[in-house]
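Peer 1: Input: one structure, supplied below.
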Amino acid sequence: MPQLNENILSFDSKQTVNELLTALRTITPEYVVLRRSYPEQEVVEFYVFPTPFLRNSILSEIGFLKRRASLVSVMPQLISDHQAPQLNSDHRLHLWNDVYEEGPWQCALYPVATSYEYAIGVWEPDANDQYYSLPEPAVEYSDIDSDVQLSGPEQTVDELFELDHVNAPRPTAESVDVSPLEERFPQESLTESELEIAADEVDSLLQNHTLFPNIEASNLHPFVEESVHITVSLQAEQVSEITGSVNLPDVGDEDYVYGLKVHLLCGEESYWDTLQYAQGKGMLKNAEFQLTMPDMPLDLAGNYPDRHKLPLRVNFYFKSRWCGEGERYLDLRLDEHVEPLSRIPPPPQSEWRKLIKLEPISEAPDLLVRIAHRPGTTAYHWTCLSPHLEFDTADNSVMTLTSSAQQFVNDLFEPFATVELDELKRATLKGVCEEIYDSTPECFKQAYWLLSEAANTAPFEFKSILFISDESYVPWELMRITDPELEEEAGILSTSHSVGRWLAGSSNHLSQQITVNRFAVSGSDYIDQKHIPNLPHVDTELAHLSQRYQAEDIPLTSHDVLSFLQNGSAQAMHFACHGMMSVKTPYKSQLLMEDHPQSITPPAVSSYEVETGLGAEHPLIFLNACQAGATADQLSLVSGFPAAFLKAGASAVICPLWTVDDEQASIISKLFYGAAFEQPGITLGEIMQKIHQRWESEQHLTYLAYVLYGDPQTRVTFVPEIQTETPDSLAVDIEFE
């Protein structure tokens, strides 16, 4: 009798080949079930593959470049043009058919057990099953011999299965001699040697190759205005005077040539070159620069000092993704009378720089913006890169704020943080968002419009933008893109594109695929707390998440929350509580616990115990804290908890920038999880874009408050350890309008 095998991985056909390979890195299902939906026809199809067959087919048939494509686009290459019969979960299968596992359309016709239009298992035969046949498949295979004849006694599909619940055509069956087909389509498409190579290739795809920058200068102790030659290369050992690292995907080929763009910053000057590196041969081409040393900066008394530690900072980009940096000091001397230092100390290095990761199969955003702060100033150097276009990087790349970033944001947004937006306030807010755009350097504006114009005629879409910034306060997502000369308006950036931000000083594990098996929630309505305002909608919010997604409820006490962060297990965690932020001293920020005045602070979150506890699972964190970033009279700015969770190992953090409305915050969390957990294939950036688009219709700034700290192309696969059916009473409209 056929047996139901529930060891499956269900994957949406809209997701990419690379995402499937990533998922197969951590789990070993016996079958992969591809789900393809047609919303306009309300039809769902399933395609079934034994995992070894599918992995080997990908490695032998799908090239590296095509692995960025969606699974549905490469299915013909995977010999799967037939959908599988579907049986409701309460149906039992009593007979089997030989052609299911013997024909050239092998794998596609394994019947699937479904529940609520999702696969829960795959039917497979056992050794005692009686075999019958099915007719020739509808797909034509040009290389099958014309003399292969299908003949034998007729038998209906109803005689093979009790098909009361099977959603598939019911053709007439005939016996078939499958031996000619087996010769044409052998079950193993690779030899034993090729299988070993293929397995190594998959493993190597999912590893990283860490290198260290070497920044050499023709003179380490130059004078002011002296010409110095700089050489940048990569090597296996770290140089003691140089900090930083470069992380490249290991493609499993020692002869593969990595071509990197190298961006050198020195004083107010910016330089570009390229380098080439191969694992087997080392450096093939160094990046070379000729610099003129800058003038000596004045000291506090307005005088020229004898010497200055001049930082040389290098950023590295591989396939339009930032993959690391290096930094060293030069001993800049006023003149020849100043003796050179006997030893130049290395710049300080934070722990995260040792842990930066460029996922081997990650896709570059359509626009990457690197914002590097010039220490001791309010100036920021911008770099724009795209896999679609080359931009002029020579000029107009510096942005200078008139005040600190914190004050800049406070001045712009504080009047709108806690009020309902009428027509006048919405119009005023749009003007404020234009000021953010006006503050950006010309290089960004030119890159944005060039990419937008090219996307109108080129075979690519301009969808995703990733900011990698040393600055953590300015909400670049909310800039309102305008260009008076072109008489065009693209609207607020995060309503037109999927946008993410990466805090360059804190983030260490941003991923494009997060698989969630366990979900935890913690929060309180503070109904029994005398000195903390109530959050009347939190109780409903937590009950919805716990019941709909089988979340583990963690009491909001300092002991329980800290214990779970240090020892718990989850790939997603949701907080719904009060918080207070100190912008001047972020480490004093607090998440208010029910055992207040005991509170959770950023240092507790970023500790080693959390990094090796919950942080080791690199979870998705949703911080729905109604004052997570500010006191009651202060705009909430990005500092404290988002950086702490990212430093501890979170793959992505969703958090409001300022005080948010309790009721609206609850609605937004339902919208977010309804999309992230229940709409396979949608990215976190697309979800945030849909949420931001509601700000005008809902007339509330709360819908613009939430930002994504992570890669906007990240997708979440929700596969709870305990599968339960969701009660109809918990149904929620998760479709965005």
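Peer 1: So which residues in region 549-564 are in contact (Cβ under 8 Å) with a residue 60 or more places away in the chain and not aromatic (Phe, Trp, Tyr)?
Peer 2: Filtering region 549-564 down to residues in contact (Cβ under 8 Å) with a residue 60 or more places away in the chain leaves 549-550.
Passing the criteria: only Gln550.
For (1) surrounded by 15 or more Cβ atoms within 10 Å (Cβ to Cβ); (2) touching a Leu at 6+ places or on another chain (Cβ under 7 Å); (3) modelled with pLDDT of 85 or more; (4) among the small types (Gly, Ala, Ser), each residue gets a yes or a no:
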| site | (1), (2), (3), (4) |
| --- | --- |
| Leu9 | yes, no, yes, no |
| Lys14 | yes, no, no, no |
| Ala23 | yes, yes, no, yes |
| Glu42 | no, no, no, no |
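Peer 1: Six or more apart or on different chains, Cβ atoms under 6 Å: show the pairs whose first residue is in region 518-535 and free of Cβ contacts under 8 Å to residues at least 60 places away in the same chain and whose second is of a type in the set (S, T, N, Q) and assigned to a loop (DSSP other than H, G, I, E, B).
Peer 2: Asp525/Asn534; Ile527/Asn534
Peer 1: Further question on the same structure: Scan region 309-319 and tell me whether some residue there is loosely packed, with under 15 Cβ neighbours inside 10 Å and modelled with pLDDT of 85 or more.
Peer 2: Scanning region 309-319, I find at least one residue that is loosely packed, with under 15 Cβ neighbours inside 10 Å and modelled with pLDDT of 85 or more, so the answer is yes.
Peer 1: What do you reckon, is Ile468 farther than 20 Å from Tyr317 by Cα and at pLDDT below 90?
Peer 2: In short, no.
Peer 1: Looking at region 247-269, which of its residues are outside any strand (DSSP E or B) and at negative phi?
Peer 2: Within region 247-269, Asp250, Val251, Asp253, Glu254, Asp255, Tyr256, Glu268 qualify.
Peer 1: If Asn534 satisfies every condition in (1) surrounded by fewer than 18 Cβ atoms within 10 Å (Cβ to Cβ); (2) of a type in the set (S, T, N, Q); (3) closer than 25 Å to Ser651 by Cβ; (4) modelled with pLDDT under 90 but one, which is the exception?
Peer 2: Failed condition: (3).
Peer 1: Separate question: In the list Thr378, Thr418, which residue meets the criterion of being modelled with pLDDT of 65 or more and polar (S, T, N, Q)?
Peer 2: Being modelled with pLDDT of 65 or more and polar (S, T, N, Q) holds for just one of Thr378, Thr418, which is Thr378.
Peer 1: Just name the residue that is farthest from the chain's Cα centre (by Cα) out of those in region 348-373 that are in a loop (DSSP other than H, G, I, E, B) and at pLDDT 85 or above.
Peer 2: Initially, region 348-373 is screened for residues in a loop (DSSP other than H, G, I, E, B), giving 348-350, 355-366.
Of the ones still in play, those that are also at pLDDT 85 or above are 365-366.
Working: Pro365: 10, Asp366: 13 Å.
Going through the qualifying residues, I end up with Asp366.
Peer 1: Among the residues of region 710-724, is any closer than 20 Å to Gly500 by Cβ, at pLDDT 85 or above and of a type in the set (A, V, I, L, M)?
Peer 2: Yes, some residue in region 710-724 is closer than 20 Å to Gly500 by Cβ, at pLDDT 85 or above and of a type in the set (A, V, I, L, M).
Peer 1: Only one of (1) touching an Asp or Glu at 6+ places or on another chain (Cβ under 6 Å); (2) surrounded by fewer than 20 Cβ atoms within 10 Å (Cβ to Cβ) fails for Gly282. Which number is that?
Peer 2: With respect to (1) touching an Asp or Glu at 6+ places or on another chain (Cβ under 6 Å); (2) surrounded by fewer than 20 Cβ atoms within 10 Å (Cβ to Cβ), Gly282 is out only on (1).
Peer 1: I'd like the residue in region 484-504 that is at pLDDT 70 or above and not hydrophobic (A, V, I, L, M, F, W, C) and, out of all such residues, is nearest to the chain's Cα centre (by Cα).
Peer 2: Across region 484-504, the extreme among qualifying residues is Gly500.
Peer 1: Please work out if Glu268 is among the charged types (D, E, K, R), under 30 Å from His337 (Cα atoms) and without any contact (Cβ under 8 Å) to a residue 60 or more places away in the chain.
Peer 2: So Glu268 fails the test.
Quick grid of which residues meet (1) modelled with pLDDT of 90 or more; (2) of a type in the set (Phe, Trp, Tyr); (3) assigned to a helix (DSSP H, G or I):
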{"residue": "Gly629", "(1), (2), (3)": "no, no, no"}
{"residue": "Asp633", "(1), (2), (3)": "no, no, no"}
{"residue": "Leu637", "(1), (2), (3)": "no, no, no"}
{"residue": "Lys647", "(1), (2), (3)": "no, no, yes"}
{"residue": "Val653", "(1), (2), (3)": "yes, no, no"}
{"residue": "Tyr673", "(1), (2), (3)": "yes, yes, yes"}
{"residue": "Lys690", "(1), (2), (3)": "yes, no, yes"}
{"residue": "Ser697", "(1), (2), (3)": "no, no, yes"}
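Peer 1: Residues of region 270-315 being of a type in the set (Phe, Trp, Tyr) and part of a loop (DSSP other than H, G, I, E, B), which ones? Break it down stepwise before answering.
Peer 2: Within region 270-315, the subset of a type in the set (Phe, Trp, Tyr) is 271-272, 277, 289, 304.
Across region 270-315, the qualifying residue is only Tyr304.
Peer 1: Name the single residue that is modelled with the lowest pLDDT among those in region 570-590 being among the hydrophobic types (A, V, I, L, M, F, W, C) and under 26 Å from the mean Cα position of the chain (by Cα).
Peer 2: Filtering region 570-590 for residues that are among the hydrophobic types (A, V, I, L, M, F, W, C) and under 26 Å from the mean Cα position of the chain (by Cα), the one modelled with the lowest pLDDT comes out as Cys577.
Peer 1: Quick one: what pairs do we get from region 454-481, first residue outside the structural domain of Ala643 (by TED's automatic domain parsing) and farther than 13 Å from Leu367 by Cα, second part of a loop (DSSP other than H, G, I, E, B) and among the aliphatic types (A, V, I, L, M), C-beta under 7 Å, 6+ apart or different chains?
Peer 2: Within 7 Å, the pairs are Ser469/Ala504; Asp470/Ala504; Ser472/Val638; Tyr473/Leu637; Tyr473/Val638; Pro475/Leu657.
The values are calculated or read from the model by the stated rules, or taken from the named source; none is laboratory data. On a predicted model such as this, the values are computed, not experimentally measured, just so you know. Note that each Cβ is placed from the backbone with ideal geometry, even for glycine, and that neighbours are counted across all protein chains shown.
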